[in-house]
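A.B. asks: Attaching a single structure in structure tokens format; questions to follow.
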Amino acid sequence: MRRKIKYLMPVMLACSMMQFSCSDWTDPESINIHTPSMEEQNPELYAQYLESLNNFKATDHQVVIVSVNNVSTVTTSRSQHLTDMPDSLDYICLNNTMEVNQANISEMKEVRRLGTKVLGLVDFDAIESAWKKILEEEAANAVPNPESDETENGEEGEETVDDATRFIEYCKSEVTKQIAASNALDVDGIVVNYTGFDLNSLVEENEIAAETARQGAFFDAVANWKVANTNKDLLFKGYPQNVIGKSLLSDCKYIIINAHGAKNQYEMSYLILMASAKNVPTDRFIMGVTTPYLTNSGSYNGELGDGSSAIIGAAQWAVAKTPDYTKAGISIDAAEKDYFNASNVYPTLKEAISILSPTVK
């Protein structure tokens, strides 16, 4: 892999140097200033760059996946553009597939030229969170009437539908919408986000059956999507040990472990150990971290205990080999927040990439 990067870097360097040679094409008195792109300045060299970049991404290497909270409105910042992200990314996941602005739709074609695949998010956690809010609103708006002969959910004699059954129908409807949105965008695959809970807490057979039905409302739709889209990538994100039907994990190209709260590399390794349950593939683990954000408890996720970047920590963790499982790369959530820097956009992301794929001096 390092030899491939060795031959790739001279072309990348030459292309990057062309960015500083455009002063002859700019007119400070002109209102409509056009700065020629690297491709416009030297189409042949840029074609070589694209070929080298695509060839590298086709090799066995540690991948870099990012997710972005894409906006539905017209873009107002370069951080909202897919084409401003580093060329070396393997995947860009759009978290808001229901409403993607036209700029991002157009840019999907451009980043694909770089060998970067665009994914859509299918999110059980979001479905579950929305359902809990529905129940809370129903409870807040309920008007108890002890003298009434009406049942809780309808007139006397009507069959009451329990909340568990209602959730299953709600989940089926919502996951269908999410998958349809990704299909409409013609993405290169989907990322399935699922946290769940410790299955060891299920003791009684009826509890196991109920949870199996609950998960099935979501994962059956995902499995059907994969059958119909064998040429597209399926990625899992969350805690795979909490999935009952683990056979689906074998169809996932990568398994991203959520390590937003990890405070050191030992905790990252522990999360992998916990995820390595029976029937969970261990040859495709991705360490999932995030740009910094403040949690409800007042602590910062995305930072390690010493205040350093979790993104850099994950990259350093990934290059330390272990015989127990395969470290396939890293994933960064809310990557667009790393854009803003006075001298170098996406500085943390670029540093992490350089750690995973160092140049040969």
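A.B. asks: Would you kindly find the accessible area of residue 168, with a 1.4 Å probe and non-protein molecules such as ligands, DNA and RNA excluded, rounding to the nearest 10 Å²?
C.D. replies: The value for residue 168 is about 30 Å².
A.B. asks: While we're here: With a 1.4 Å probe and every protein chain kept in, tell me what percent of the accessible surface of the stretch 187-300 is carbon plus sulfur.
C.D. replies: Here carbon and sulfur together make up 52 percent of the probe-accessible area.
A.B. asks: Also, I was wondering about something else. Which percent of Cα pairs goes in each bin when the distances of the stretch 203-288 are cut into 10 angstrom slices starting at zero?
C.D. replies: Reading upward from the zero bin: 16, 42, 32, 10, 0.
A.B. asks: Same structure, new question: So if I restrict to the alpha-carbon atoms in the chain, what is the Rg, and what is Dmax, the biggest pairwise distance, in Å?
C.D. replies: So, for the chain, Rg and Dmax equal 23.6, 85 Å respectively.
A.B. asks: Please identify, among 107, 204, 336, the residue showing maximal mean-square fluctuation in a Gaussian network model of the chain using a 10 angstrom Cα cutoff.
C.D. replies: 204
A.B. asks: Give the peptides 341-347, 233-239 in descending order of average Cβ contacts within 10 Å, highest first.
C.D. replies: 233-239, 341-347
A.B. asks: Could you state the accessible area per residue of the chain in Å², with a 1.4 Å probe and every protein chain left in place?
C.D. replies: On the way: 19470 Å² over 361 residues.
Result: 54 Å² of accessible area for each residue.
A.B. asks: Could you give log10 I(q)/I(0) at q = 0.18, 0.26 Å⁻¹ for the stretch 42-120, computed by the Debye formula over C-alpha point scatterers of equal weight, without solvent?
C.D. replies: The Debye formula, applied to the Cα set alone, gives -0.74, -1.24.
A.B. asks: To the nearest 500 deg cm²/dmol, what mean residue ellipticity at 222 nm is calculated for the chain from DSSP H runs of n ≥ 4 alone, each contributing -39,500 (n - 2.57), summed and divided by the residues? Before the final figure, lay out the partial values.
C.D. replies: Working: 10 runs with 143 residues, N = 361.
Value at 222 nm, helices only: -13000 deg cm²/dmol.
A.B. asks: Straight-line reach from residue 133: which lysines have a Cα under 24 Å away, not including same-chain ones fewer than 8 places off?
C.D. replies: 172, 177, 237
A.B. asks: Quick check on packing: order 311-323, 125-137 by the mean number of other C-beta atoms within 10 Å, highest mean leading.
C.D. replies: Listed from highest to lowest mean packing, they are 311-323, 125-137.
A.B. asks: Percent relative contact order of the chain, based on C-alpha pairs within less than 8 angstrom and at least six residues apart?
C.D. replies: 17
The values are calculated or read from the model by the stated rules, or taken from the named source; none is laboratory data. Just so it is clear, the structure is predicted and the values come from calculations on it, not from any experiment. For neighbour counting, all protein chains shown are included, and Cβ atoms are generated from backbone atoms with ideal geometry for every residue, glycine included. When the accessible area is computed, the model is the full protein with side chains, heavy atoms only, and any ligands, DNA or RNA have been set aside. Shrake-Rupley method; radii C 1.70, N 1.55, O 1.52, S 1.80 Å.
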